[in-house]
Amino acid sequence: MPTDERGARVGLVAVRDSPRFGLQVLLSRPSAAAVRAGSGNLSFPAGCSDSGDHAPATLRRCHGLGAATARRLLGSEMTPAYAMGCWVAAARVLLVATGLCFAVEGENRAPVQRRVPPRERQALSGGGAEFAEFLTRQQLHCDLDRLSFFTQWIAPDSEDATKFFLVKVPDDLRGAGSVWHAPDKALLLWRDGALTLDFATFACLRILTDFSSCSSLLSEYRAP
């Protein structure tokens, strides 16, 4: 099936610098239903892109990333608009998981950080069209430049890749149902059986252990 005919799965690697623990990442706790079903893994917040993410009306509400650059970074099998839609989907995942929206506003494109309350952000979990309507109501343009493509993984039991995006978030950010972990500490807890990780989360954490701060990590993965 051509890439543009189905949504891409995206994951969000939100990072911060902790004075005590150094680089930390935000991981989602499994729901009670997932634990009962035997899939109680810690994982990065994730979701799927949809047609609304790369619709013209949505892309007109975006800033900081060109479609040609997005395609170059994600793969020539995608159309430029579809590649940009993956960034939009990652921005939606950030908003739904944490309530944070990086954007610009006004003619001068001044950068802003909006904190969206839980009740309102749940209404935005439907897809790209709702996200575009939110940006329009707020007179904002989503700042896709704050997100960097990190890596992608295909789980052993799947044929679909998950594309992970990096974003540095404020140190005081909290996400309902989420927990902050230093990558090396999370892997130690996994080794000792104190928590479980899915394949892609484990693989990303292994990469992140090579970095001690957000600045060293983002300097490696920021697109030229």
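The values are calculated or read from the model by the stated rules, or taken from the named source; none is laboratory data. These numbers come from a predicted model, not from an experiment. Glycine also receives a Cβ, built like all others from the backbone with ideal geometry; neighbour counts cover every protein chain displayed.
Candidates in segment 100-136 are the residues that are touching a strand residue (DSSP E or B) at 6+ places or on another chain (Cβ under 7 Å) and not hydrophobic (A, V, I, L, M, F, W, C); of these, the one that is surrounded by the most Cβ atoms within 10 Å (Cβ to Cβ) is 105.
Mind listing whichever residues of segment 159-199 are among the aromatic types (Phe, Trp, Tyr) and modelled with pLDDT under 95?
Residues of segment 159-199 among the aromatic types (Phe, Trp, Tyr): 164-165, 180, 190, 199.
180, 190, 199 - these are the residues of segment 159-199 that are among the aromatic types (Phe, Trp, Tyr) and modelled with pLDDT under 95.
Scan segment 92-99 and tell me whether some residue there is surrounded by fewer than 20 Cβ atoms within 10 Å (Cβ to Cβ) and at pLDDT below 90. Looking through segment 92-99, none of the residues is surrounded by fewer than 20 Cβ atoms within 10 Å (Cβ to Cβ) and at pLDDT below 90.
What helices (runs of 4 or more DSSP H) lie completely within segment 53-161 and have 2 or more residues being of a type in the set (A, V, I, L, M, F, W, C) and over 28 Å from residue 199 (Cα atoms)?
Working: elements: 56-59, 67-74, 80-98, 118-122, 128-138.
By residue number, 56-59, 67-74, 128-138.
Condition first: touching a residue at least 60 places away in the same chain (Cβ under 8 Å), farther than 14 Å from residue 12 by Cβ and crowded, with 16+ Cβ neighbours inside 10 Å. Now tell me which residues in segment 206-217 satisfy that. 211, 214, 217, listed by residue number. Which pairs turn up if I take residues in segment 106-132 that are closer than 19 Å to residue 57 by Cβ and look for partners that are among the acidic types (Asp, Glu) and part of a helix (DSSP H, G or I) with beta carbon separation below 7 Å, at least 6 apart in sequence or on another chain? If the second residue must be among the acidic types (Asp, Glu) and part of a helix (DSSP H, G or I), the pairs left are 123/130; 124/130; 128/53. The selection criterion, being touching a strand residue (DSSP E or B) at 6+ places or on another chain (Cβ under 6 Å) and free of Cβ contacts under 8 Å to residues at least 40 places away in the same chain, holds for residue 190.
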